[in-house]
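Inspection log for the structure reproduced underneath, given as structure tokens.
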Amino acid sequence: MDDMTYLGIDIGSLSCDAVLVDDSGNVLATTVVPTGARNQEAIERATREVLAQAKVAREAVRAVISTGYGRNRVEDRMASVTEITCHARGIYALNQDVQLLIDIGGQDSKTIRLDKDGQVVDFAMNDKCAAGTGRFLEAMARALQVDIEVLGRLDHDAQKDLTLSSMCTVFAESEVVSLIAEGIEVKEIARGLNRAIASRIYA
């Protein structure tokens, strides 16, 4: 492939995501790898994987743009951009009618308000507590012994209005284990978790 390409790397607390696009913005390859304790290794692995998928040489990458909490760890970046700006640009490119978006990340959650031109007007972030974040969801999925990808769909026919007494990750996980021991169905617990997360984000 002779055309120049562009590499985007989003290094978060849980995963390192990479995407390779061409001059027209067409997606050539994507990958998601665990960040782990050595984020530099995750960056290198994600880069290798997208280049291999697209059969593109490293020399054909015109620019590297980084985002995420570890964006400054990408050594050969041309520029780094905050997650908030990336979210705004990405959602505006997909749907120009969206004016409010919610990001539940690995270590924080954000709500971002956009104007009609896709510019960030305001945002709020919860980065003081893991409640309602990706790590919280991981812990709850582990307690329920389900994949995190299906957690949001488990409650589609649940009926009970189960209320969790705490959104603290440690206490909530213990409460979920107790509810399972009491014979409460997984779908009912999932409904309670999903409603609790939605309420926390809304508040």
Using the Kyte-Doolittle scale, which helices in the chain average at least -1.0 and also have C-alpha atoms spread 20 Å or more along the helix axis, with helices defined as whole DSSP H runs? 39-54, 186-202
Would you order Ile201, Ile189 from fewest to most other beta-carbon atoms within 10 Å of each residue's own beta-carbon? Ile201, Ile189
Beta bridge orientation in the chain: antiparallel %, DSSP, nearest 5: 75 percent
Any chance you could list the semi-axes, whole Å, largest first, of the equivalent ellipsoid that the Cα gyration tensor gives for the stretch 5-81, using √(5λ)? 19, 13, 10
For Phe136, Phe123, which order do you get if you count the other beta carbons within 10 Å of each Cβ and list the fewest first? Phe123, Phe136
Taking the stretch 108-203, how much of its Cα-Cα pair set, in percent, is spaced more than 20 angstrom apart? 39 percent
When Ser80, Ser24, Ser15 are ranked with the fewest other C-beta atoms within 10 Å first, the list becomes Ser24, Ser80, Ser15
Against the globular-protein guess of 2.2 N^0.38 Å, express the Cα radius of gyration of the stretch 84-126 as a ratio, rounded to two decimals. 1.06
How many percent of DSSP beta bridges within the stretch 58-124 run antiparallel, rounded to 5? 80 percent
Cα extents of the chain along the three principal axes, largest first (Å): 61, 37, 31
Cα gyration tensor of the stretch 33-74 diagonalised, 5x eigenvalues square-rooted, in angstrom largest first, produces semi-axes 19, 13, 7
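Since every read-out is calculated from the coordinates, none of them should be taken as a lab result. Note that the structure is predicted; figures quoted are calculated from it, not measured. FYI the Cβ positions are ideal-geometry reconstructions off the backbone, even for glycines, and counts take in every protein chain you see.
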